[in-house]
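The values are calculated or read from the model by the stated rules, or taken from the named source; none is laboratory data. Fair warning: this is a prediction, and the values are worked out from it, not measured in the lab. We place every Cβ from the backbone using ideal geometry, glycine too, and count neighbours over all the protein chains shown. What goes into the accessible areas is simple: the full protein's heavy atoms, side chains included, and nothing from ligands, DNA or RNA. Shrake-Rupley method; radii C 1.70, N 1.55, O 1.52, S 1.80 Å.
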Amino acid sequence: AYFALQVIYARRKYKISPPETSGHPEFERIFRAQANCSEYFPIFISLLWVAGIFFHQGVAAVCGLLYLYTRLKYFQGYTTAVQGRLGPLYASARLLWLLIGLAVAGLLAHFV
């Protein structure tokens, strides 16, 4: 919700009406950062759910909190400069891979 609100504020600030997605470069970065975060959210929530149920709730919760923090840093970095997104992007990708590993390990332990 925070990211969507930032897009709304940027639309007002730069006078860009929906459904327009182009205009001021700062608006475009904010809009793209929000879209990127939204695209990964279903993957994240699915992996978090499976890892929490089949592996360990605490470990999955810590990974989830770290992922949300890295996505916030990604958003903040992307809105200031395109290059500012790279470090947090790689960190969030590593956390998604970790959640994949936890989910697979939990599923294997449960069903095998």
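Details
- Candidate set from the range 35-57 (those that are of a type outside the set (A, V, I, L, M, F, W, C), surrounded by fewer than 19 Cβ atoms within 10 Å (Cβ to Cβ) and part of a helix (DSSP H, G or I)); member that is farthest from the chain's Cα centre (by Cα): Gln57
- Yes/no for Ile30 being under 17 Å from Phe3 (Cα atoms) and either in contact with a helix residue (DSSP H, G or I) (Cβ under 9 Å, 6 or more places away or on another chain) or crowded, with 17+ Cβ neighbours inside 10 Å (or both): yes
- Some residue of the range 45-58 being touching a helix residue (DSSP H, G or I) at 6+ places or on another chain (Cβ under 7 Å) and within 20 Å of Phe27 (Cα to Cα): no
- Pairing residues of the range 91-102 that are under 9 Å from Thr70 (Cα atoms) and open to solvent by less than 20 Å² (accessible area, probe 1.4 Å) with residues that are at pLDDT 95 or above and basic (Lys, Arg), at Cβ distances under 7 Å and at least 6 apart in sequence or on separate chains, gives Ser92/Arg71.
- In the set (1) open to solvent by 50 Å² or more (accessible area, probe 1.4 Å); (2) polar (S, T, N, Q); (3) touching a helix residue (DSSP H, G or I) at 6+ places or on another chain (Cβ under 6 Å), Thr80 fails one condition alone, (3).
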